[in-house]
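S.K.: One structure, pasted below without further comment.
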Amino acid sequence: MPQAPQGLLFVPGEVGSNLTDVEFNDWYDNEHVPLRTDISSFRSASRWIAVDDKRPSYLAFYDIDSCDVLDQPPYNTLANTASARERDVLRHVQLLDRRTYDLIEPDVIPPAAGYDESAPGPILITMEAEVKPELEDELNRWYREEHIPLLAKVPGWRRTRRFVLRDVGPANGTDAAEVMARGKKPKYLAVHEWESMANFDRPEFKHATRTPWRMKMFERADTWHGRTYQLRRAWAK
């Protein structure tokens, strides 16, 4: 049986009016994430805050051995042992938009020299894309043959990975209607790590994001949605 691809647990979040940011971040940093990084199949975790004036404002990002581990102990027993604080936060937080993704292995290229997985970012661009089925092969070829190789030549690029959506669902205790109201999630996710937002002003970056092939894919896509985040904190084994 082929080995399951590496997985990603990806959770955009919004605090809302029933919690303070201090309460939310203290719970996330000191209780919620550590319970997950203690699990051997969780390779690393990071939390990010938006710098693009869009919402949701926060993002939690967990690299895992595979998405299959989320259906197995000890992860799938965490809800049964949740603390009173955890249950309270999950009742009051406005949004935890929980998604799982599988890594697209053929599109993985080596990160920049000296890249340290324990120190991601510190700037993250996420790009969600949805295209018609007949365009998926071309989208994947564009990323593999042109876009990622061009990005890798930009000073300040650190790493790019691509994922395909597996599942969507709210975290326990959050409002399912709030999650579903945000609509269908795009199938593809690209994650780009950078040293600085100043890298986006470089001519190499502008070229990589404005080629004729890139513009063709953008114009034909049903969804092409980008976000920019700054690293808040990272956890590594």
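S.K.: State the number of residues belonging to the stretch 100-112 that are modelled with pLDDT under 95 and either charged (D, E, K, R) or in contact with a Leu (Cβ under 7 Å, 6 or more places away or on another chain) (or both).
M.R.: Summing the residues that are modelled with pLDDT under 95 and either charged (D, E, K, R) or in contact with a Leu (Cβ under 7 Å, 6 or more places away or on another chain) (or both) in the stretch 100-112 gives 2.
S.K.: Please enumerate the residues belonging to the stretch 204-237 that are surrounded by 13 or more Cβ atoms within 10 Å (Cβ to Cβ) and in a helix (DSSP H, G or I).
M.R.: Within the stretch 204-237, Glu204, Phe205, His207, Ala208, Trp213, Arg214, Lys216, Met217, Arg220 meet the criteria.
S.K.: Here is a further query. Whether any residue in the stretch 5-26 is more than 21 Å from Gly169 (Cα to Cα), assigned to a strand (DSSP E or B), among the hydroxyl-bearing types (Ser, Thr, Tyr) and in contact (Cβ under 8 Å) with a residue 60 or more places away in the chain is what I want to check.
M.R.: Going through the stretch 5-26, the residues more than 21 Å from Gly169 (Cα to Cα) turn out to be 17-23, 25-26.
Next cut, assigned to a strand (DSSP E or B) only: none.
Checked against the condition, which is being more than 21 Å from Gly169 (Cα to Cα), assigned to a strand (DSSP E or B), among the hydroxyl-bearing types (Ser, Thr, Tyr) and in contact (Cβ under 8 Å) with a residue 60 or more places away in the chain, the stretch 5-26 yields no hits at all.
S.K.: May I pose another question? Ala119 fails exactly one of the following numbered conditions: (1) closer than 26 Å to Ser40 by Cβ; (2) assigned to a helix (DSSP H, G or I); (3) among the hydrophobic types (A, V, I, L, M, F, W, C). What is the number of that condition?
M.R.: (2)
S.K.: Assuming Pro56 fulfils every condition listed in (1) in contact with a Leu (Cβ under 7 Å, 6 or more places away or on another chain); (2) surrounded by fewer than 19 Cβ atoms within 10 Å (Cβ to Cβ); (3) at pLDDT 95 or above apart from one, which condition is it?
M.R.: For Pro56, the failing item is (3).
S.K.: Mind listing whichever residues of the stretch 187-198 are buried (at least 18 other Cβ atoms within 10 Å of the Cβ) and free of Cβ contacts under 8 Å to residues at least 60 places away in the same chain?
M.R.: Scanning the stretch 187-198 gives a single hit, Lys187.
S.K.: With the condition kept exactly as written, say whether any residue in the stretch 11-27 is touching a helix residue (DSSP H, G or I) at 6+ places or on another chain (Cβ under 8 Å) and at positive phi.
M.R.: Yes, the stretch 11-27 contains at least one residue that is touching a helix residue (DSSP H, G or I) at 6+ places or on another chain (Cβ under 8 Å) and at positive phi.
S.K.: Ok, one more. Give the residues of the stretch 59-102 that are touching a residue at least 40 places away in the same chain (Cβ under 8 Å), β-branched (Val, Ile, Thr) and over 12 Å from Val11 (Cβ atoms), sorted by residue number.
M.R.: Scanning the stretch 59-102 gives Ile64, Val69, Val89.
S.K.: May I pose another question? Only one of (1) over 27 Å from Ala119 (Cα atoms); (2) touching a strand residue (DSSP E or B) at 6+ places or on another chain (Cβ under 6 Å); (3) of a type in the set (Gly, Ala, Ser) fails for Ser66. Which number is that?
M.R.: (1)
The values are calculated or read from the model by the stated rules, or taken from the named source; none is laboratory data. This structure is a prediction, so every number in the text was calculated from the model and none was measured. Methodologically, a virtual Cβ is constructed for each residue, glycine included, from the backbone with ideal geometry; neighbour enumeration extends over all protein chains shown.
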